[in-house]
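Take a look at the structure set out below.
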Amino acid sequence: KPPSHRGRSFKRPRPTWVEVSDDESRGRRRHPKVNGVSTSMPNGVHKPSKKPNGFVNGTTVVHMEDSADVAVPRVPVATSSKHAAIQEQRANLPIARGKEALLNEFREHDVTVLLGETGSGKTTQVPQYLLESGMAGDGMIAVTQPRRVAATSLSARVATEQNSSLGSVVGYAVRFDERSSPATRIKYLTDGMIFRELMSDPLLSKYSIIIVDEAHERSLRTDLLIANLKTIQQQRNEPAKGKGKEKEKEKLKIIIMSATLDAEKFGKFFPGSKIIYVQGRQHPVTIYHCAQSQVDYVDSALRTFFQIHTDQPPGDVLIFLPGQEDIESLEKSIRLYANQLPHGQQEVLICTMYASQAPGQNAKVFHSTPPNTRKCILATNIAETSITIPGVKYVIDTGKCKEKRYLAKNTGGGFDTLMTRDITKSSAMQRAGRAGREGPGFCFRLYTEDSFKNMATSAEPEILRCGLTSPMLQLKCLGQSLETLDLMDRPDIDSMISALKTLYLIGALDSTGEITEIGRDMAAFPLEPVYSRAVLASKEYGCTNEVLTVISVLSASSKVFVESSEQRDAVAEARRKFKHASGDHLTILNVVRAYNDVALSENKSGRREWCRKHFLNERALLEAIDIREQLQHTCERLGIDWKVSCGEKEDPVIQSLGHGLVSNTAFLQPDGSYKQTMGHSAVKIHPSSTLCDKKVPTIVYDEVVYTNQIYARGVSIINKSFLAGLGSLKVRQA
Ligand code: CDP
Ligand code: MG
């Protein structure tokens, strides 16, 4: 009996595939028939010609095959066969043959833009080449990443390649977590972390080489970093004037690395820089589009996976999904069906990869696939360019990703929201390319060819679509301003004004736009300014202990409450135990307190079971405990006693939060909706809130979710008189 999925029979008509039209018939090659459609080599994904089009003058293509210096990797004597195997793998990477040619270019230029296909070895090899060549001198080599999961997992890999433990020669630093030591020479860090280091070391003097990786993503911090690096390099590399005795500043080398070929902008931004292209190993990938658009991409991905699994020769499958929720839901469905496959069929091994997943879990995708098994990797766009997963022959592309977007207009204070949206053409090509790393591959796009043609070419830089409160405060601390910084792209005036307003409302800036003392303290916390404001306020209210707990949970990368549409009643029942009459923030506090109590008496599996039973995400709780510890350190540095507690009182906690979340307050209207104090929009309490069916006079909330209307999520009742105090702020603001 065919298994049913979401109440429908599995044997529904399969998606019909059409091959991508092949305008350039160049390189046409016959491929086996797939689903009755004969296939040919698509345009777009193919081995690039030696000199790619659209390159600026002066682009060097490092021809690996022609390279005179065939790689003889200088590697330490292998101590074990595993280490020897890793060194062999290193020497076989496309980039290895161009090693000497690359090092020569790096030696000769202060700024190099290195382009190369994903998987060619840029991120893992270039830092090691530089270290082994001695080019870094006494300084460190920094490699920046837009995502923390890339920074941690790549540093682990490189540490292994260096035959050392993580945190010694190779280390990492991401928000709330660092592993390094005085011996560290190569440090992988998020762009946000290195930007933060500017505050204590404005010339980044401990680094002699800074590699800005994944520059094509144009993340907000990467853009701010690039702007700063330009001036830092001018200061560090200019010949020392005047007093000859002055210790010469160590020079800075900058390497910008990108997986896509649009280097022109970086080249122009750094006059005198050199653009180098490293040829990768890309096999042809046959691309199919759906004949009709699909209503449910998770469902469609499920069917496509089993089509591949039952009809196609061995080879791992990589499925791109927008986020953790979809990954978890698809994982469940695939597992369910895979268990019902007829005997003798290949096994299915599911691996997942997304930002908030525990590092150990992420590492599983790199393990080789056991015999008679097909690996199915469910990943977000982390697997697009940051991380290459070996063995992939089939890619299923849902065409969706999550993107942070700032909604400044009509929403009061303005807010960042994560929205699921269509990917760009550039992403689609990268995703397809993942199938052709080790041999010819296949990419199934769960969207029509017309949708592909309508996609934007490449993503808008984050700085143009994100909230600027936190970067603006950090820049103010550095004595810089967004308005005057030499940026590759300048954000629009509305977003800048909105950020200035928020910073003024929480007291980080004075009426002349200068940073205040309390503003500097806020910037010391690795938190959004609105949250650090709440921590600082808790000092006055005598409830730092409680506020730190709440803020830690709010800052964790995933939600602490697990939702389950199938077991809605059980979830509600479990949640009732923690419910606090004042709303969601004190409810969170109750959860953490209960978990800490359980942790005293239960072992690891007992704690896990307790969380499962109460529909709580233990990973989020553990992460929050970690974050809390980091925040305690910051408090100590600022002379705040984090042990001070208000006991069972709720007002101090909520009012502390209110000082930070000034823009996120609203009051009840006669029609039952809530109107924002600082804006003009109506908000509704999110169904997940403990207050969702309550009508209370005034609320404070920690975020908004934007669907067909604006929902407030994480809501507590706040004192009316407190809001009245804010009213006078509004007058001042006007
Ligand atoms: O940066 P780029 O995309 O050019 O390549 P990379 O990240 O340096 O990866 C080079 C190779 O190392 C890839 O083929 C990966 O599969 C492999 N690798 C691995 O086997 N295990 C890891 N944890 C990371 C990378
Ligand atoms: Mg890379």
Going through K187/K364; K402/K675; K206/K476; K230/K425; K122/K206 one by one, the pairs whose alpha carbons sit over 25 Å apart turn out to be K402/K675; K230/K425
A correct Karplus calculation of ³J(HN,Hα) over segment 194-202, with 6.51 cos²θ - 1.76 cosθ + 1.60, θ = phi - 60°, whole Hz and x for Gly and Pro, returns 5, 5, 5, 5, 4, 5, 9, 9, x
A correct Karplus calculation of ³J(HN,Hα) over segment 586-599, with 6.51 cos²θ - 1.76 cosθ + 1.60, θ = phi - 60°, whole Hz and x for Gly and Pro, returns 6, 5, 4, 4, 4, 4, 5, 4, 5, 4, 4, 5, 4, 4
The answer for GluC sites (Glu not before Pro) in segment 475-576 that fall in a DSSP coil and have at most 16 neighbouring Cβ atoms within 10 Å is E483, E514, E563, E566
For S673, the net charge from surrounding residues (Cβ-Cβ under 12 Å; K, R +1; D, E -1) works out to +2
Note: S205 to D510 extended length (0.36 nm per residue) minus current alpha-carbon separation gives 106.6 nm
Counting only residues 5 or more apart in sequence or on a different chain, those whose built amide H sits under 5 Å from that of C443 are T286, I287, Y288, V395
Total charge of the residues flanking T373 in space, meaning their Cβ is under 10 Å from its Cβ, with Lys and Arg +1 and Asp and Glu -1, is 0
Exposure proxy check on H343, H585: fewest-to-most Cβ neighbours within 10 Å is H343, H585
In nanometres, the difference between 0.36 nm per residue of separation and the alpha-carbon distance of D138 and S673 is 186.4 nm
Along segment 604-612, Karplus-curve 3J(HN,Hα) (6.51, -1.76, 1.60; θ = phi - 60°) to the nearest Hz, with x for Gly and Pro, reads 4, 6, x, 5, 5, 5, 4, 5, 4
Output row, site R281, 7 Å Cα→C-beta label point, backbone N cut-off 20 Å, window segment 90-119, residues 90-102, 115-119
Residues whose modelled amide H sits under 5 Å from the amide H of R218, counting only those 5 or more places away in sequence or on another chain, are none
Residue separation between D489 and D569 times 0.36 nm, minus their alpha-carbon distance, gives in nm 23.9 nm
Plugging the Cβ-Cβ distance of D262 and K649 into 1/(1 + (r/R0)^6) at R0 = 45 Å yields, to the nearest 0.05, a FRET efficiency of 0.20
Low-density loop GluC sites (Glu not before Pro), segment 245-353, at most 10 other Cβ within 10 Å, DSSP non-H/G/I/E/B, are E246, E248
Computed for segment 513-662: size of charge dipole around the Cα centre, +1 on C-beta of each Lys and Arg, -1 on C-beta of each Asp and Glu, debye to nearest 20, value 460 debye
Quick calc, N603 & A85: beta-carbon distance into FRET formula, R0 35 Å, rounding 0.05, result 0.40
The FRET efficiency for K720 and A594, from their Cβ-Cβ distance with R0 = 41 Å and rounded to 0.05, is 0.85
Put in order of increasing Cβ neighbours within 10 Å, starting from the fewest, S721, S557 give S721, S557
For I685, the residues 5 or more places away or on another chain with a placed amide H closer than 5 Å to its own amide H are A712
For A523, the net charge from surrounding residues (Cβ-Cβ under 10 Å; K, R +1; D, E -1) works out to +2
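Every number here is computed from the coordinates shown, using simple stated rules; none is lab data. Model, not experiment: these values are computed from the prediction. Neighbour counts are summed over all protein chains in view; Cβ atoms, including those assigned to glycine, are modelled from backbone coordinates with ideal geometry.
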